[in-house]
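Report on the following structure.
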Amino acid sequence: MNSTLIISVLRSAIRAGTPLLYATVGEIYAERSGVMNLGVEGMMIMGAVSGYAMGIITGNPWIAIFLAGVVGALMALVHSVLSINFRVNQVVSGLALTMFGLGLSSLAGAKYIGVPKRASLTTVKIPVLSKIPLIGEVFFNQDPMVYVSFILIPVLWFILFKTKVGIIIRSVGENPAAADALGVKIYLVRHLCTIFGGFMAGLAGAYLSVVYTPAWVENMTAGRGWIAVALTIFSLWSPIRAMLGAYLFGGVEAVQFNLQAYGIPPDVLGMMPYLLTILVMVFGAEERIRKRLGAPSALGIPYVRGEK
Amino acid sequence: MSEAHGKTALREEREIEPIVEMRGIVKTFPGVVANDHINFEVRAGEIHALLGENGAGKTTLMNILYGIYQPNEGEIYIRGKRVEIRSPRDAMHLGIGMVHQHFMLIEKHTVVENIALGFATKFLFPTKEISRKIREFSEKYGLTVDPNAYIWQLSAGEQQRVEIIKALYRGADILILDEPTSVLTPKEIDELFSILKRMKEEGKAIIFITHKLDEVFAISDRVTVLRRGKVIGKLKTAETNKKELARLMVGREVLFRLEREAVKKGKTVLEVIDLYALNDKGLPALKGVSFTIAEGEILGLAGVAGNGQKELVEVLTGLRKAEKGKVLIRGVDVTNASPRRIAELGVAHIPEERLKHGLVPNMSVAENLILKQYYKQPYCDKFFIDRKKVLENANKLIEEFNIMTPSPITPAKLLSGGNIQRLILARELAGSPDVIIAAHPTYGLDVGATEYIRKILLRERKRGSAILLVSEDLEEIMALSDRIAVMFEGEIMGILPAEKASLEDIGLMMAGAKRMGVVA
Amino acid sequence: MRIVVTRRIAPPRWFEIAVRFMAIIIALLVMAIVFWAYGISPTVAYKKLLLDSFTTAHGFSETIVTMIPLLLSGIGLSIAFKAQLWNIGAEGQLLVGAIAATGLALSFPDTSAYLMIPLMFLVGFLAGALWGLIPAILRAKLQVNEVISTLMMNYIADRLLLYLVSGPWSVAEVIGQVAYAGFYQTNLLPEHLWLPVLGGTRIHWPTLLIALASLVGAYLIITKTPLGYEIVVVGENLEAAKFAGIKYLKVALLVMIISGGLAGMAGVGEVAGIHHRLRSGFSAGYGYTAIIVAWLGGLNPILILISSLLFGGLLRGGYLLRTMGIRIGIVNMFNGIILFFILASEFFSNYRIEIRR
């Protein structure tokens, strides 16, 4: 294996991992506040179709991507109202959104099949940095959305763990009763985090359709939304770990067909992300790990003041 | 010179005027008057104990002060001004802080993160400023705790300190502590008391809810005694003694005694030997509990809730592990046996939390009635449940126990509280059990249902059952029990025959102030 | 003016059925709007969709064909849901059932059908049961969230299928060729192992029989056996179950074995009865649709039968809609809307809304 191959593989891993990363970190915020959003796949595909359509209509990739985020956010609003205000079963609500999103996107995208892209983001080499051997080629020879994620994700990590806002969010997900007793507005925090999650999922979908793949294809997310849900757990709810996991899972996706030549069946490799997630869940179930790194204690449980 | 003198005079005057005054507070819940025209006041720079049994109304009163409840009648004055406290936020703004019995802390976060949760902290790196302030509080009051420790790493005493710091951080001058020592070790209790004393010297007002007489005398300046929602006494601690307080706490009225016939006691059925067990937090809940109950006998277990009764019942019914010791039923060792095995040996359990443990709400009355027997003859024969027999049984029990229900197939959750209890009784007692463990069987029920259940217990006693009656209602214990045991902090303080039991003794034992051992 | 939400003690029986009925009606109305937005007359669309599926002989037979896996999986799911075990993994359990049966059939191509066909269903059951067992153990012993674990197992099963049909079990001519984005498949199963069908239709009646038998069996188990009793108690009130001496581990395992096994057999039916070979993508998301079928049916056997028939007809009709230029994705939309309205209506049946001035 020569270095060109390694560089190409790593570069692809980052590219493939970027949509996963956006969606996962969004879901991390939602779950950290206590809301389980299984509608990520639906929000992603809707983001993809919206981004593609907006790209063709406006010709501007950034507007398209942003509007796709808005679409994802609106879908998440439906989920959050149902889950938080109506206290419905969050699993079913998320599933419903996914199905709905898949269906609607396929209908909406029908007229764009075969229509070539107008807007896209091309790779931009960052001067100086991209000349660094190996690292430069891998990290600094990417498209702008990747660069945005390099900055955005650490910022999101910082907010979650080093600021007051982050403490509030995490407390709402751990012990909403305690936070409520201190005047925190539980519903508001959860709504905002869930909507943010949807926005990020929309962005992720738009990245797929506007930047990553050549054209709109029905159901193009191909289950990436579910991988994002798995990644949320795999990363033990931390954006930085999510970055590593996203590139790892993205790497599997990028590399699975290449390794065929070496006798590793691509589909067996493709099982890895899911198997690893189950393993992480088993590992995280142990008492001491759960205390430190486990799921937010109030995840998926609707909050009612005073109700047992 | 004269200025200083004037200031001293003013200070004396201020000392007399209370910082907290609650006048004529009335609070009712459906069916019960929790606070009945209560007048209560606290001064700055004092530790004021609020003493009473469970249900006396102490926590309700303080929840009103902290804004969790609103009173039906009455007024509250803080620093002389009339105020409305509609929520804990209002209370905090007025300088009132409360440390609840069950801590409201986030286990996965650090101390500083928990304290940062409220308001008035910076956006970026809020933890730095808080660490500084924590060190301040440590020096001032002795509230030592590692700011960067995770809550789950801390002992109960340290966690409590975090709660106190939380309140102080928000500028609390008035601090309410609800049964603070219930989770502490003796050493931690000493540490807490010295912290409280220093806070008092700084001029804070501290309200200390308790049922333990030792504590009242250890740190309080004044004590207010509540019983059944009324203020029974308001005293300077230095001017009273344990006996007087115990008497005030439990009262001296003539008790209504049911017709309790003399029943010949039979052989010992239930033996508990030196039982040790932990509670949910991993702390010792039972510390060497021993007693026996014979056929035809009711042993009443008195004591304020939270002293190990729940854990004892759970160990006896197989729902909790015993760390040490033995439980024998007619000589058979059932220590740590499964709930099913214990039930099959003839042990009935009337649970404390009816809805949680005793009932499957959406199943029908008939189906609930066979909760413990669905897998056996005659209800289950090989593979199938015999619906007919189930209904027959249901009809029989509905009549026998007078369960008011539209039909045997009505969902159980539609029944009233009293009828749910009848259902549970019917189910448990149907098999003529040898041992009955009744945990707070009449809690929350109306007079009629209460009388009925007590009658049933006496009937079972006559039939020869050995009954353990756990109750917070002293009147009930005195009326029904042949012998009375008192539990305090996981130990049996004393077991004595009902005739020899005086309310005063029981009150003292319940408050941890006396030990009597087993009296014949 | 305040909106006060109080919990209802007990929604009346009829209310729950009425509410589901409303859900379907409203979902149909929303779909009508979608049709209209596409410039298609809703009445024409619905006529095509529903009439064909339910009133024509051929259409109805196809509806039944689609109904079979939904019914079989749906029954299994209803048992799991009753115990509050959120089995999202019916799809994966279905796939591994199909895989197991195919493996058996391809390994013993000359053995008699009388022996093989029951065996195929058996290994399908066992494979599905195993697939459901693993998340069950993880849940009972380690409190691992079964929603995620069953979901992950779906994807693992899917990859396993892809691997087998593009690799070791691939049709002889394809091995060695470069991958292409089509579908892969195995060789045809030996003809004598194809499930018999009702004359002229594609209805593979052995699976249908198994489905109906399971329906009856599930009903009997839940309502008449001690196990069913335990399942209901566990699902209603876990604390009371402990109190009654019921072992959660035992109940969870048995429930998931049954649930996974039934879905596995549905997979066998699809492979041996319809496609006669294992091919990638053969399951049109049946496992997920079965979740809705079970939910819409309120976990009640008769209602599940009706609901699976309804969805069978809808799915079947969805294919027809393609001819009118509407993509198949519309069925997904419909599913999503139905779920939403069931959710919302569950809320309304559990809580009462009052507007107080």
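The values are calculated or read from the model by the stated rules, or taken from the named source; none is laboratory data. Since this is a predicted model, take the numbers as computed values, not measurements. Neighbour counts are summed over all protein chains in view; Cβ atoms, including those assigned to glycine, are modelled from backbone coordinates with ideal geometry.
Run A:Arg87 past the list (1) within 14 Å of chain C (Cβ to nearest Cβ); (2) part of a helix (DSSP H, G or I); (3) of a type outside the set (Ser, Thr, Tyr) and report the number of the one that doesn't hold.
(2)
A quick yes/no check of all residues on (1) in contact (Cβ under 8 Å) with a residue 40 or more places away in the chain; (2) not small (Gly, Ala, Ser):
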{"site": "B:Ala205", "(1), (2)": "yes, no"}
{"site": "B:Val216", "(1), (2)": "yes, yes"}
{"site": "B:Ile219", "(1), (2)": "yes, yes"}
{"site": "B:Ala262", "(1), (2)": "no, no"}
{"site": "B:Gly282", "(1), (2)": "no, no"}
{"site": "B:Lys287", "(1), (2)": "yes, yes"}
{"site": "B:Phe291", "(1), (2)": "yes, yes"}
{"site": "B:Ala294", "(1), (2)": "yes, no"}
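Please state which one of A:Tyr112, A:Tyr147 is within 14 Å of chain C (Cβ to nearest Cβ) and surrounded by fewer than 23 Cβ atoms within 10 Å (Cβ to Cβ).
None of the other options fit; the residue is A:Tyr112.
From the set of residues in the stretch C:298-353 that are aromatic (Phe, Trp, Tyr) and part of a helix (DSSP H, G or I), which is nearest to C:Arg20 (Cα to Cα)?
C:Phe341
For (1) among the aliphatic types (A, V, I, L, M); (2) away from chain B (no Cβ under 13 Å), each residue gets a yes or a no:
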{"position": "C:Leu238", "(1), (2)": "yes, no"}
{"position": "C:Ala241", "(1), (2)": "yes, no"}
{"position": "C:Ala244", "(1), (2)": "yes, no"}
{"position": "C:Ile257", "(1), (2)": "yes, yes"}
{"position": "C:Gly260", "(1), (2)": "no, yes"}
{"position": "C:Ala263", "(1), (2)": "yes, yes"}
{"position": "C:Ala266", "(1), (2)": "yes, yes"}
{"position": "C:Gly269", "(1), (2)": "no, yes"}
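Which condition breaks for A:Val81 when tested against (1) modelled with pLDDT under 90; (2) within 11 Å of another protein chain (Cβ to nearest Cβ)?
All conditions are met except number (1).
Filtering the stretch A:36-53 down to residues that are touching a residue at least 60 places away in the same chain (Cβ under 8 Å) and more than 14 Å from chain C (Cβ to nearest Cβ), which residue is nearest to C:Val147 (Cα to Cα)?
Taking the stretch A:36-53 first, the residues touching a residue at least 60 places away in the same chain (Cβ under 8 Å) are A:36-52.
Then drop every residue that is not more than 14 Å from chain C (Cβ to nearest Cβ), which leaves A:44, A:47, A:50-52.
Values: A:Met44: 20, A:Gly47: 25, A:Ser50: 29, A:Gly51: 30, A:Tyr52: 32 Å.
Within the stretch A:36-53, the match that is nearest to C:Val147 (Cα to Cα) is A:Met44.
Return only the number of the condition from (1) more than 19 Å from B:Glu311 (Cβ to Cβ); (2) of a type in the set (Ser, Thr, Tyr); (3) surrounded by 15 or more Cβ atoms within 10 Å (Cβ to Cβ); (4) more than 13 Å from chain C (Cβ to nearest Cβ) that B:Tyr379 does not satisfy.
Checking B:Tyr379 against (1) more than 19 Å from B:Glu311 (Cβ to Cβ); (2) of a type in the set (Ser, Thr, Tyr); (3) surrounded by 15 or more Cβ atoms within 10 Å (Cβ to Cβ); (4) more than 13 Å from chain C (Cβ to nearest Cβ), the one that fails is (4).
Quick one: which of A:Trp237, A:Trp226, A:Trp216 is of a type in the set (A, V, I, L, M, F, W, C) and in a helix (DSSP H, G or I)?
Being of a type in the set (A, V, I, L, M, F, W, C) and in a helix (DSSP H, G or I) holds for just one of A:Trp237, A:Trp226, A:Trp216, which is A:Trp226.
So which of B:Asn63, B:Asn114, B:Asn35 ends up being more than 29 Å from B:Leu154 (Cα to Cα) and not assigned by TED's automatic domain parsing to the domain that holds B:Met509?
B:Asn35
Output the helices (runs of 4 or more DSSP H) that fall wholly within the stretch C:15-103 and possess 2 or more residues being closer than 20 Å to C:Glu270 by Cβ, at pLDDT 85 or above and touching a Ser or Thr at 6+ places or on another chain (Cβ under 8 Å), or say none.
In the stretch C:15-103, the matching helices (runs of 4 or more DSSP H) lie at C:57-82.
Just checking, does the stretch B:277-289 include any residue being more than 30 Å from B:His37 (Cβ to Cβ) and in contact with a Pro (Cβ under 7 Å, 6 or more places away or on another chain)?
yes
Could you list, in sequence order, the residues of the stretch B:460-479 that are touching a helix residue (DSSP H, G or I) at 6+ places or on another chain (Cβ under 9 Å) and more than 20 Å from B:Gly55 (Cα to Cα)?
Matches in the stretch B:460-479: B:Glu460, B:Arg461, B:Ser465, B:Ile467, B:Leu468.
When only residues in the stretch B:318-344 that are part of a loop (DSSP other than H, G, I, E, B) and away from every other protein chain (no Cβ under 12 Å) count, which is surrounded by the fewest Cβ atoms within 10 Å (Cβ to Cβ)?
Of all residues in the stretch B:318-344, those part of a loop (DSSP other than H, G, I, E, B) come to B:318-323, B:330-331, B:334-338.
Next, only the ones that are away from every other protein chain (no Cβ under 12 Å) stay: B:321-323, B:330-331, B:334-336.
Details: B:Lys321: 11, B:Ala322: 23, B:Glu323: 14, B:Arg330: 16, B:Gly331: 9, B:Val334: 19, B:Thr335: 17, B:Asn336: 14.
The residue in question is B:Gly331.
Out of the stretch A:16-30, which residues are at pLDDT below 95 and among the charged types (D, E, K, R)?
Residues satisfying the conditions do not exist here.
Identify, by number, the condition in (1) modelled with pLDDT of 85 or more; (2) over 19 Å from C:Ile156 (Cβ atoms); (3) more than 9 Å from every other protein chain (Cβ to nearest Cβ); (4) surrounded by fewer than 18 Cβ atoms within 10 Å (Cβ to Cβ) that A:Ser297 doesn't meet.
(3)
(1) in contact with a Ser or Thr (Cβ under 9 Å, 6 or more places away or on another chain); (2) of a type in the set (D, E, K, R); (3) surrounded by 24 or more Cβ atoms within 10 Å (Cβ to Cβ): which one isn't true of A:Lys164, the others all being true?
Failing condition for A:Lys164: (3).
Would you mind telling me which numbered condition in (1) out of contact with any helix residue (DSSP H, G or I) (no Cβ under 6 Å at 6 or more places or on another chain); (2) crowded, with 18+ Cβ neighbours inside 10 Å C:Ile258 fails?
Result: C:Ile258 fails condition (1) only.
Which residue pairs have Cβ atoms closer than 7 Å, lie 6 or more positions apart in sequence or on different chains, and pair a first residue in the stretch B:473-487 that is farther than 16 Å from B:Leu508 by Cα and modelled with pLDDT of 85 or more with a second residue that is among the small types (Gly, Ala, Ser) and in a strand (DSSP E or B)?
Filtered contacts from the stretch B:473-487: B:Leu480/B:Gly300; B:Ser481/B:Gly300.
Sort out for me the helices (runs of 4 or more DSSP H) sitting completely within the stretch C:200-297 that have 1 or more residues that are touching a strand residue (DSSP E or B) at 6+ places or on another chain (Cβ under 7 Å).
C:205-224, C:226-236, C:248-269
Please go through the stretch B:385-427 and pick out each residue that is touching a residue at least 40 places away in the same chain (Cβ under 8 Å), out of contact with any Gly (no Cβ under 7 Å at 6 or more places or on another chain) and within 11 Å of chain C (Cβ to nearest Cβ).
Hits for the stretch B:385-427 are B:Thr410, B:Pro411, B:Ala412, B:Lys413, B:Leu415, B:Arg427.
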